[in-house]
1. Just give me the residues in the stretch 118-169 being of a type in the set (D, E, K, R) and over 16 Å from ALA29 (Cβ atoms), in sequence order.
2. Please go through the stretch 232-249 and give me each residue that is farther than 15 Å from GLY366 by Cα and either among the acidic types (Asp, Glu) or touching a residue at least 40 places away in the same chain (Cβ under 8 Å) (or both), ordered by number.
3. Might you check whether a residue that is open to solvent by less than 20 Å² (accessible area, probe 1.4 Å) and not in a helix (DSSP H, G or I) occurs anywhere in the stretch 283-298?
4. Please verify whether the stretch 302-315 includes one or more residues that are within 18 Å of the chain's Cα centre (by Cα), within 27 Å of MET251 (Cβ to Cβ), of a type outside the set (S, T, N, Q) and surrounded by fewer than 24 Cβ atoms within 10 Å (Cβ to Cβ).
5. Given the criterion at pLDDT 85 or above, open to solvent by 40 Å² or more (accessible area, probe 1.4 Å) and on the phi < 0 side of the Ramachandran plot, identify the matching residue among VAL396, VAL364.
6. Quick check on the stretch 31-49: of everything there that is touching a Phe, Trp or Tyr at 6+ places or on another chain (Cβ under 9 Å) and in a helix (DSSP H, G or I), which residue is surrounded by the most Cβ atoms within 10 Å (Cβ to Cβ)?
7. Go through the residues of the stretch 266-274 one by one and say whether even a single one is assigned to a helix (DSSP H, G or I) and modelled with pLDDT under 90.
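The values are calculated or read from the model by the stated rules, or taken from the named source; none is laboratory data. Every value quoted in this text rests on a predicted model; they were computed, and no experiment measured them. Note: ideal-geometry Cβ built from the backbone for every residue, glycine included; neighbour counts use all protein chains shown. Just the protein is used for accessible areas: all its heavy atoms, side chains included, with ligands, DNA and RNA removed. Shrake-Rupley method; radii C 1.70, N 1.55, O 1.52, S 1.80 Å.
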Amino acid sequence: MATGYLEILRARHALRLLTGTLVGRLPNATAAIALVLFVRAEGGTYSLAGALAAVYGVANAVGQPVLGRLVDLHGQPRVQLPAAVLAALSMAVFAFSGTGRLPLAYVAVAASGLFTPPLEGGLRALWPSVLGREEQVHTAYAMDAIAQEVMFTVGPLLVTLCVSLWDARAALLVLNALGVLGALSVVVSPPSRAWRSALREAHWLGALRSPGLLVLLGAFLFVGIALGSITVASVSYADGHGGDAVYGWMMAGLGLGALAGGTVYGARRWAGSPERRLRVLVALLAVCYLPLLLTPGAVAMVLLAAVSGVFLAPCIACAFIIVDRHAPGGTVTEAFSWLVTTFTVGASVGTGVAGPVVQAGGTVWGFAVPGAAGAVSLLVLLAAGRVLAAPVRGGVVACSPENDPNRAVEPRFSSGDRA
């Protein structure tokens with residue numbers, strides 16, 4: 001199983017790009033918990049902490065596709081590094097000014113979220129130029145999903161470590177400084193400096209003019225809702241079954257399940273089209289959410305949480321392949337960034353929806369939300385099957401002033417059903 005992953009990591013620049021991207025994304029992965037701990041240390045309320053975290057999340061959702069389009073137009077170094085520096089400086093302003101001047105706090109946090117560089121989409125755009133074969137790129141997408149689960153597990157631990165060693169302000173500063181170093185490591189690498197987007201047709205919609213991509217984004221909005229709602233329902237369950245420790249184990253189980261599922265999925269080569277395979281994976285994801293409705297004892301519930309996460313990483317990895325197949329020429333970074341944004345927005349919506357549901361109907365109804373959201377995601381994919389069956393091939397389009405001046409074509413694969 002490990003052979004395919006080791007083959008990718010041995011490829012020139014691959015380990016550096018993966019590591020740099022993960023380190024560069026640490027500020028984004030830890031923003032919510034770091035903001036909460038800092039506001040609490042400043043004597044602020046949890047309502048203020050939640051509001052600041054929400055402002056950061058909304059700004060980040062807006063900024064990712066915008067910066068992704070700029071990367072496609074102007075290259076990675078010209079956008080990624082300045083954005084990382086601006087994001088870190090904005091968070092530093094917030095860290096030193098504190099919560100005493102709320103307008104400044106909100107503006108600084110919003111700017112930090114807005115300028116967070118689209119390193120995640122940028123890495124996926126680089127894989128075809130770093131790896132030699134299409135199946136390696138697909139394995140790399142799965143490895144991306146696995147690494148993401150690891151990062152969102154390790155990131156909060158780094159925050160708490162920084163707080164225990166120094167304080168909450170230092171945690172904000174250190175993690176954002178690490179983010180700049182990670183972005184720097186990526187953009188000075190030869191693949192990042194050499195990468196150019198394909199020729200693109202000037203269009204204000206950019207990547208969103210692809211019907212297939214719109215279908216995928218619609219489906220993954222509900223996958224995000226499912227994931228976001230689980231976190232709220234799990235808090236409600238833990239309140240009656242052991243408190244924060246049980247909640248922590250449930251979230252760890254969810255991440256471990258996704259890690260295991262992504263590892264197995266990426267270790268083999270799959271036949272058939274990724275569009276058809278995604279429908280199967282989303283169906284399995286929705287089914288695996290249903291046992292959570294049983295709400296058994298704590299140990300069994302942790303196991304069920306792990307089962308519910310098994311197909312999450314495979315769904316994400318398969319979606320990466322479909323994004324590459326459906327993104328119009330010259331918009332691949334923007335398209336990947338839209339997927340990240342949609343998933344993030346969905347998770348936020350799921351959190352907001354599950355709260356009132358739990359309040360009105362209890363924990364069991366809270367766990368009904370992810371199953372329902374997964375079913376709606378599957379219905380979207382089934383209803384738009386014909387749209388997804390006609391992927392854009394990424395062909396070169398006529399030149400326009402919007403195209404890269406070097407007229408270089410981004411490396412990408414465009415095979416038919418091979419996956």
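1. First, pick out the residues of the stretch 118-169 that are of a type in the set (D, E, K, R): 120, 124, 133-135, 144, 149, 167, 169.
Correct list: ARG124, ARG133, GLU134, GLU135, ASP167, ARG169.
2. So in the stretch 232-249, the residues farther than 15 Å from GLY366 by Cα come out as 241-246, 248-249.
Hits for the stretch 232-249 are HIS241, GLY242, ASP244, VAL246, TRP249.
3. So far as the stretch 283-298 goes, no, none of its residues is open to solvent by less than 20 Å² (accessible area, probe 1.4 Å) and not in a helix (DSSP H, G or I).
4. Yes, there is a match, as at least one residue in the stretch 302-315 is within 18 Å of the chain's Cα centre (by Cα), within 27 Å of MET251 (Cβ to Cβ), of a type outside the set (S, T, N, Q) and surrounded by fewer than 24 Cβ atoms within 10 Å (Cβ to Cβ).
5. VAL364
6. Taking the stretch 31-49 first, the residues touching a Phe, Trp or Tyr at 6+ places or on another chain (Cβ under 9 Å) are 31-32, 35-36, 38-40, 44, 49.
Then keep just the ones that are in a helix (DSSP H, G or I); that gives 31-32, 35-36, 38-40, 49.
Values: ALA31: 26, ALA32: 19, LEU35: 28, VAL36: 19, PHE38: 25, VAL39: 23, ARG40: 14, ALA49: 20.
Filtering first and then ranking leaves LEU35.
7. yes
Every residue, every condition in (1) under 30 Å from PHE311 (Cα atoms); (2) in contact with a strand residue (DSSP E or B) (Cβ under 8 Å, 6 or more places away or on another chain); (3) of a type in the set (S, T, N, Q); (4) open to solvent by less than 10 Å² (accessible area, probe 1.4 Å), yes or no:
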residue	(1), (2), (3), (4)
GLY113	yes, no, no, yes
TYR141	yes, no, no, yes
ALA145	yes, no, no, yes
GLY155	yes, no, no, yes
ALA170	no, no, no, no
LEU214	yes, no, no, no
